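The values are calculated or read from the model by the stated rules, or taken from the named source; none is laboratory data. Small disclaimer: the values here were computed from a predicted structure and weren't measured. Quick reminder, even Gly has a Cβ in these numbers, built from the backbone with ideal geometry, and neighbours come from all protein chains shown. Ligands, DNA and RNA are stripped out before the accessible areas are found, and what is left, the full protein with its side chains, is counted by its heavy atoms. Shrake-Rupley method; radii C 1.70, N 1.55, O 1.52, S 1.80 Å.
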Amino acid sequence: MINLHPTDEQLLQFAQGLASPGLSLIIAAHMDMCGKCAARVAQFEGRLAEQALSHPQAAEPELQKMLDSIMALPAQTGVKPDCATFLELDGRKFALPRSLQRYAGKISGWSHMVGKLWQARVDLGIEGRADFIYMEKGGSVPEHTHKGNELTLVLDGEFSDGLNHYDTGDFIRCDGQHTHMPHTEADEGCLVFSLLDQPLHFTSGLARLLNPFSHLFFK
Amino acid sequence: MLVGIQLDNRQSQGTAPIDVADEMSLCLQEVALQRCQASFARLFNYFAPRVRSYALKQMGNEAVAMELVQETLTNVWQKAHLFDAEKGSPSTWIFTIARNIRFDMLRKQQNRKEDICADDLWPVLCEQTAAPGELGLDQQVTLDQVGQLFEALPDKQRQVIEAIYVQGKSQQEVAESLGIPLGTVKSRTRLALQRLKEMLSEDD
């Protein structure tokens with residue numbers, strides 16, 4: 001069951017088209033999985049449309065020319081999805097939410113990291129980085145906190161991090177106030193989509209040695 | 001007396017938006033089905049100046065704003081068949097198109113590779129293949145079951161469903177290839193899905 005959602009403010013910014021592209025993408029993917037947030041955004045869109053378009057405006061003479069040139073154009077079909085629907089790892093196939101499907105074909109390959117972790121970077125042309133991360137059963141990320149913001153969407157499976165338990169569809173926000181160690185005991189492991197605007201900061205034991213290099217691992 | 005007149009005006013304004021929404025819905029339908037120029041002119045005259053005002057606020061530049069208006073209204077003309085009155089009002093639909101185009105224009109201005117585009121985020125201008133949430137078929141029944149139910153559909157409905165859901169055609173393309181109006185394709189699709197839904201719940 002989905003327990004964690006974007007805030008109303010984030011959903012409103014998304015509906016306005018004012019949220020950053022990375023945040024917009026992960027919210028869109030969450031909405032593909034969460035009817036409640038999709039309905040909320042539709043509600044915002046209705047209100048925004050009313051605010052933006054309900055007041056009469058003077059007609060501009062220039063618009064008349066535009067009308068004629070538009071009507072000279074033929075009808076067109078809409079955009080059709082033409083993308084990999086599945087993300088593949090080690091012979092396993094994961095179904096992806098609609099918004100992320102186009103990116104399944106754009107990963108730069110999976111790399112196997114410490115602690116039964118797999119990571120596939122997606123180049124979105126945004127600040128920070130975006131990855132699909134898969135944790136095998138018993139896998140974990142060393143305890144860390146964040147210099148910036150980390151957004152995580154659970155795409156398949158479930159995991160815990162010492163603070164909470166997360167299920168498929170959950171939208172998780174972490175920042176410098178959160179120190180956590182994600183791990184999963186689920187038989188099928190756990191696939192997440194993660195957005196990071198600053199490198200992680202590892203907080204315990206030997207993993208602290210990773211900090212000078214954390215940009216190599218996570219940024 | 002004057003006050004009375006003003007009050008009357010206000011009341012009629014209060015009910016006006018509903019009528020406008022209905023009227024604009026009909027216009028969109030006429031554009032989708034008949035490429036009706038008079039209907040489009042009404043849509044255009046109502047919405048283009050309003051979209052322009054939104055665009056000016058967003059882009060702050062007359063030329064860029066007009067580009068946004070042109071692209072928005074061009075999509076309305078060319079893709080009116082994608083408007084679905086059950087999902088929202090014409091004004092909401094047109095607002096979301098303008099918002100999407102604004103998003104893509106700003107991404108381009110920033111010289112970003114167009115990695116994240118509005119169509120990924122808001123499928124306003126995407127053809128519906130399988131309408132989301134209408135039937136979670138693949139999750140609830142096996143392929144064999146669907147095959148049997150599918151065979152039980154009336155020929156005309158089966159033809160449309162096969163073209164859309166098996167061959168992946170758009171409703172517009174189906175209308176063209178079968179030489180029937182788009183409205184007929186839509187109603188056959190709706191009836192067939194309704195029928196399948198009923199048959200599935202009988203099965204349970």
*When the solvent-accessible surface of protein heavy atoms is calculated with a 1.4 angstrom probe, in what order do B:176, A:150, A:62, B:86 fall, highest first?*
B:86, B:176, A:62, A:150
_Efficiency of FRET between residue B:110 and residue A:88 - r from beta-carbon atoms, R0 30 angstrom, step 0.05_ = 0.40
*Quick one: net charge around residue B:156, please, counting Lys, Arg +1 and Asp, Glu -1 for every other residue with C-beta under 15 Å from its C-beta.*
+2
*How do A:167, B:155, A:90 rank by accessible surface area computed with a 1.4 Å probe, from largest to smallest?*
A:90, B:155, A:167
_Selection from A:154, A:48, A:141 lying farthest towards where the dipole of chain A points positive, charges on Cβ_ = A:141
*Mean residue ellipticity (222 nm) of chain A, computed from DSSP H runs ≥ 4 via -39,500 (n - 2.57), nearest 500*: -9000 deg cm²/dmol
*Sorted by accessible area (1.4 Å probe), largest first, how do B:81, A:112 line up?*
A:112, B:81
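Taking the Cα centre of chain A as origin and charging only Cβ (+1 Lys, Arg; -1 Asp, Glu), how large is the dipole, in debye to the nearest 20?
Details: 18 positive and 27 negative charges, 71 e Å.
Charge dipole, chain A, about its Cα centre: 340 debye, nearest 20.
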*Nonlocal amide H pairs with residue A:113, under 5 Å, H built at 1.01 Å*: A:118, A:119
*May I ask you to derive the FRET efficiency for residue A:7 and residue A:55 from their Cβ-Cβ distance with R0 = 30 Å, giving the value to the nearest 0.05?*
0.55
*asked:* Not counting ligands, DNA or RNA, and with a 1.4 Å probe, what is residue B:186's accessible surface area in Å² rounded to the nearest 10?
replied: 60 Å²
*Nitroxide proxy distance, nm - points 7 Å out along Cα→Cβ at residue A:71 and residue B:67*: 2.7 nm
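Within chain A, which whole H helices from DSSP have a Cα span along their axis of at least 18 Å and a mean Kyte-Doolittle hydropathy of 0.0 or more, if any?
Helix filter hits for chain A: A:21-33.
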*Could you please state, rounded to a whole Å, how far the C-alpha centre of the range A:1-78 is from the C-alpha centre of the range B:25-64?*
15 Å
_Per-residue SASA entry for residue B:156, accessible area with 1.4 Å probe, Å² rounded to 10_ = 120 Å²
*Just need the relative contact order of chain A here, percent rounded to a whole number, with Cα pairs under 8 Å and 6+ apart.*
19 percent
*So if R0 is 22 Å, what FRET efficiency would residue A:137 and residue A:178 give, r being the distance between their Cβ atoms, rounded to the nearest 0.05?*
0.40
*Between the range A:154-203 and the range B:65-92, the Cα center-to-center distance that results, in Å*: 39 Å
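For residue A:13, what is the net charge nearby, where nearby means another residue's Cβ is under 13 Å from its Cβ and Lys, Arg count +1, Asp, Glu -1?
Counting the neighbours of residue A:13, the net charge comes to -1.
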*Report the label-to-label distance for residue B:20 and residue B:45 in nanometres (one decimal), using points 7 Å from each Cα along the Cα→Cβ vector.*
1.5 nm
